[in-house]
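I have placed the structure first, in the form of structure tokens, so that the comments after it can refer back to it.
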Amino acid sequence: MSAPRPYANSHDRGQGHGPGHGPRDADGHRDAPPPDGGHGHGSRRGYVIGFLLSAVLTAIPFWLVMTGAIASVQTTAIIVVALAFVQIIVHTFFFLHLNPRAEGGWTLLAFIFTVIIIAIVIAGSLWIMFHLNSNMMPMDGMGM
């Protein structure tokens, strides 16, 4: 029988660096996060449902535009934009896995905060661009 091998570092004894760096298994991996609180991956069923919804939400606007099923261009545009927003939600839930259960809802909260900031930046930029003419100084002598 051979002598036990000396430990090279604290990780070999299953000890981490402290809080947040928990113990590791024999392969050096940390314990898996809990299924409800972790950032889990989707199932095959979830991916198939997401794919089918995405395909339908892409095919409907394509069909509406190509066939001219609705006579009003404005109504068609509103429907296409509405279906685009629904598709964003489908992608967010089924492919990015941003739901209230993932990581205690913090990833969803961060995503919502990001969307709000982007909306503020876009709205502010559009407001500035549409009001540039009224904010310009009058130009009295154009050809000096």
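The values are calculated or read from the model by the stated rules, or taken from the named source; none is laboratory data. All of these numbers come straight from a predicted model, not from anything done at the bench. Don't worry about glycine lacking a Cβ; one is built from the backbone with ideal geometry, like all the others, and counts go over all protein chains shown.
Numbers at a glance
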| quantity | calculated |
| --- | --- |
| The lone exception for Ile112 - which of (1) under 28 Å from Val56 (Cα atoms); (2) hydrophobic (A, V, I, L, M, F, W, C); (3) modelled with pLDDT under 85 it fails | (3) |
| Filtered residue count, region 43-102, keeping only those that are under 23 Å from Ala119 (Cα atoms), among the β-branched types (Val, Ile, Thr) and touching a residue at least 24 places away in the same chain (Cβ under 8 Å) | 2 |
| Test result for Leu96, outside any helix (DSSP H, G or I) and surrounded by 11 or more Cβ atoms within 10 Å (Cβ to Cβ) | yes |
